[in-house]
Amino acid sequence: MATTYDYDDAPTRHDEQTGPNGYDPNFVPDSVKSFVTHLYRHIREKNVYEIYEMYETSFQTLSDRFFKDSPWPSVDAVANYVDNDHVFCLLYREMWFRHLYARLSPTLKQRIDSWDNYCSLFQVVLHGVVNMQLPNQWLWDMVDEFVYQFQSFCQYRAKMKNKTEQEIALLRQFDQAWNVYGVLNFLQALGEKSMIIQILEREKEGLEQFTATDGYDYSGGSNVLKVLGYFSTVGLLRVHCLLGDYHTGLKCLLPIDISQHGVYATVIGSHISTIYHYGFANLMLRRYVDAIREFNKILLYIYKTKQYHQKSSQYEQILKKNEQMYALLAICLSLCPQVKLVDETVNAQLREKYGEKMARMQRYDDEAFAIYDELFSYACPKFITPSAPSFEEPLVNYNQDAYRLQLKLFLYEVKQQQLLSGVRTFLKVYSAISVGKLANYMEVDEPTLRTILMSYKHKTHAVDSEGKIISNADVDFYIDDDMIHVVDTKPVRRYGDYFLRQIVKLEGVINDMDRIKLE
């Protein structure tokens, strides 16, 4: 059982906490002294369970009570309580900056200092001897926050219009801070140094127990480098999605088999981020079936388990990503009507949220086009332009440029799909029809119809990660001489879910009957 730490004996008067002039970085409440002392001891003892409790619960409790609108005490103020341990101080600063980003608005100097801290921390992990066991939740949060702060810096830097001369001077001076190559290099280096790809390959051959132990090392070693390397593959996927390079992003995720339970699924934030970015990348590459399958699985998982995360600090983020993935699923099913791939529970939720909009999206008119625009804008990642601004030109904001480009490409694809809507409608009605007859119905000549049919084939097929051509078509066909033959693609009916629900209902009725006392 986890130790319960009592923080109620700490001073509570505002002047005692913050000093006479507001926030005092050198003032350390007794409860914070107790927190860092215990956390330091548990890290040295490799007591993962206690570390997790303090990291996930105690840190949030103290933040809510003492530091709602101010940073935590500076690392210099707490260093004496942890023997000036260099690695612990880097970890404390990582939490310090994360709290600052979550509760306050960081200055440019603080953004740069956070970058320096991540550089120092990752350099220690990559080139030093780190003999620690840390919870997967904390290690995931490091990678997740690292990518988030990179994204936040790019958005901040791109808003040049209202920058002060001092801020511009700092941007010029620290032009390597949050450089895209530096971010990618750190994530790539963590993956390579941890040898996580080789570990996962050996695990498939039964020579490793990485997933079975959730990445922890029960032989007295450290899990930090291995698990950071593992999560860095998800971080790379996310960064490449933010850059609009979906193919490379999916390639980075290849070592992780998301069709199987893995370490990525042991942390709810990691699980959701992995599938969200995987699904979005597949959507943009027209691999709609893959996107639908994974969105369906994660949405069903969230539906069944979200009540267990209500007290988590990430609960609001879970709900937001849940809503965004329903919007992306609505887009996928509108472009590729493979409803048979969606569980009935998820489908019911989807119809409740977007049923009316999905019906209008099938019409392929200007109103439908506007709905695609709306759903994409709501559900897409916050795309970034990673390049530094040109300080010589008139200063302009360019933080929306990457988003507008991705939106333009997506809507261009939707427009092309709109032109093919008539083909799908007719193919659903006929099992065989002559080219001439279909051309007559569609009011085009035969050469134009053959071009449209070729376009339909092209748009309903995509290239998967292995270079194979896969079909997304709900209605397929082939042409023999001048006859179009529609391939029967009736979905296989799934009776299992239906019988399971009826069994549960029957058990409920039997239990109710057992409670009734017969006279």
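Of all residues in region 296-314, how many are within 21 Å of Phe280 (Cβ to Cβ) and in a helix (DSSP H, G or I)?
9
Can you go through Gln310, Gln314 and tell me which one is in contact with a Gly (Cβ under 7 Å, 6 or more places away or on another chain), at pLDDT below 90 and either farther than 25 Å from Ile470 by Cβ or assigned by TED's automatic domain parsing to the domain that holds His99 (or both)?
Gln314
Is it the case that Gly215 is of a type in the set (Gly, Ala, Ser), buried (at least 17 other Cβ atoms within 10 Å of the Cβ) and in the same structural domain as Leu243 (by TED's automatic domain parsing)?
yes
Report every pair of residues separated by at least 6 positions or lying on different chains whose Cβ atoms are under 9 Å apart, first residue within region 119-142 and of a type in the set (Ser, Thr, Tyr), second part of a helix (DSSP H, G or I) and open to solvent by 10 Å² or more (accessible area, probe 1.4 Å).
Note: pairs meeting the criteria are Ser120/His86; Ser120/Leu90; Ser120/Arg93.
Filter region 59-73 for residues that are open to solvent by 10 Å² or more (accessible area, probe 1.4 Å) and part of a helix (DSSP H, G or I); which is nearest to Gly220 (Cα to Cα)?
Filtering first and then ranking leaves Phe59.
Take region 278-287 and flag every residue that is open to solvent by 10 Å² or more (accessible area, probe 1.4 Å), out of contact with any Asp or Glu (no Cβ under 8 Å at 6 or more places or on another chain) and either part of a helix (DSSP H, G or I) or on the phi > 0 side of the Ramachandran plot (or both).
Met284
Could you tell me which of the residues Ala189, Ala177 is hydrophobic (A, V, I, L, M, F, W, C), closer than 30 Å to Cys380 by Cβ, in a loop (DSSP other than H, G, I, E, B) and assigned by TED's automatic domain parsing to the domain that holds Leu407?
Residue meeting the stated conditions: Ala177.
In the set Ile318, Ile384, Ile371, which member is closer than 30 Å to Glu167 by Cα and within 24 Å of the chain's Cα centre (by Cα)?
Every option except Ile384 fails the conditions.
Given (1) in contact with a helix residue (DSSP H, G or I) (Cβ under 7 Å, 6 or more places away or on another chain); (2) in a loop (DSSP other than H, G, I, E, B); (3) buried (at least 17 other Cβ atoms within 10 Å of the Cβ); (4) not charged (D, E, K, R), where does Ser222 come up short, assuming only one miss?
Only one criterion is unmet by Ser222, namely (1).
If I filter region 399-428 down to residues being of a type in the set (S, T, N, Q) and assigned to a loop (DSSP other than H, G, I, E, B), which single residue comes out as least open to solvent (accessible area, probe 1.4 Å)?
Asn399
Applying the selection to region 127-136, what residues are in a helix (DSSP H, G or I) and surrounded by 20 or more Cβ atoms within 10 Å (Cβ to Cβ)?
Asn136
Report the residue count in region 346-372 for those that are of a type in the set (A, V, I, L, M) and in a loop (DSSP other than H, G, I, E, B).
0
The values are calculated or read from the model by the stated rules, or taken from the named source; none is laboratory data. Model, not experiment: these values are computed from the prediction. Positions of Cβ are backbone-derived with ideal geometry, glycine not excepted, and every protein chain shown enters the neighbour counts. Each accessible area value is taken on the protein alone, full model and side chains, heavy atoms only, with ligands, DNA and RNA left out. Shrake-Rupley method; radii C 1.70, N 1.55, O 1.52, S 1.80 Å.
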